[in-house]
Amino acid sequence: MTTIKHILVPTDFSAPSDRALSMAVDLALTFKARITLLHVWSMPNVGYAEALAWPTNEMESAARRTLSEAQARVSERLPDVDTVLQLGRDWQVIIDVAKERAVDLIVMGTHGRHGLPRVILGSVTEKVVRLSPIPVLTVNVPLEETT
């Protein structure tokens, strides 16, 4: 039987991510595991001149604050939770952090996009599922929330 001692939960602070985090906390309590809560932020895909105008310090500070708030909520139920905030390509950072931190399971939400939005935006979850050497548990949005 696989032992789960460390769970990575990537979050974009959306409802699907919150559902995944809730499930990860339940799993962590069941298996006496710890959680690493990860948020990956990135710069918009713009040219050099436009990038100079982006308030990157403010963006990072806001992400750090929101991640800290999420950690505080989780800590009410599970004291063993830490956070990682990193700049980069989301799916790649998720896999890299999972390997670096020797996690046993990745639990992440999926937005359930279909058709053109999925083609244009891609699917971070899909890439992680396909490329991760670590098991990934995906948590979807209930059907009634997608309509």
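The values are calculated or read from the model by the stated rules, or taken from the named source; none is laboratory data. Given the structure is predicted, the values throughout are model-derived calculations rather than measurements. No Cβ is skipped: glycine too gets one built from the backbone with ideal geometry, and neighbour counts run over all protein chains shown.
Among the residues of the stretch 89-114, which ones are among the hydrophobic types (A, V, I, L, M, F, W, C) and either closer than 14 Å to residue 5 by Cα or not in a strand (DSSP E or B) (or both)?
If the condition is that a residue be among the hydrophobic types (A, V, I, L, M, F, W, C) and either closer than 14 Å to residue 5 by Cα or not in a strand (DSSP E or B) (or both), then 91, 93, 94, 95, 97, 98, 102, 103, 105, 106, 107 are the ones that fit.
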Query - Filter result (modelled with pLDDT of 95 or more and out of contact with any strand residue (DSSP E or B) (no Cβ under 8 Å at 6 or more places or on another chain)) within the stretch 48-72 - result: 65, 69, 72
Report summary line: Counting only residues in the stretch 9-35 that are among the polar types (S, T, N, Q) and farther than 14 Å from residue 75 by Cα, the one surrounded by the fewest Cβ atoms within 10 Å (Cβ to Cβ) is identified as 30
Requested in this report: Could you please give the count of residues in the stretch 101-143 that are modelled with pLDDT under 60 and either charged (D, E, K, R) or surrounded by 10 or more Cβ atoms within 10 Å (Cβ to Cβ) (or both)?
Outcome: 6
Report task. Can you give me the number of residues within the stretch 55-88 that are within 22 Å of residue 16 (Cβ to Cβ) and either under 12 Å from the mean Cα position of the chain (by Cα) or assigned to a helix (DSSP H, G or I) (or both)? Result -> 19
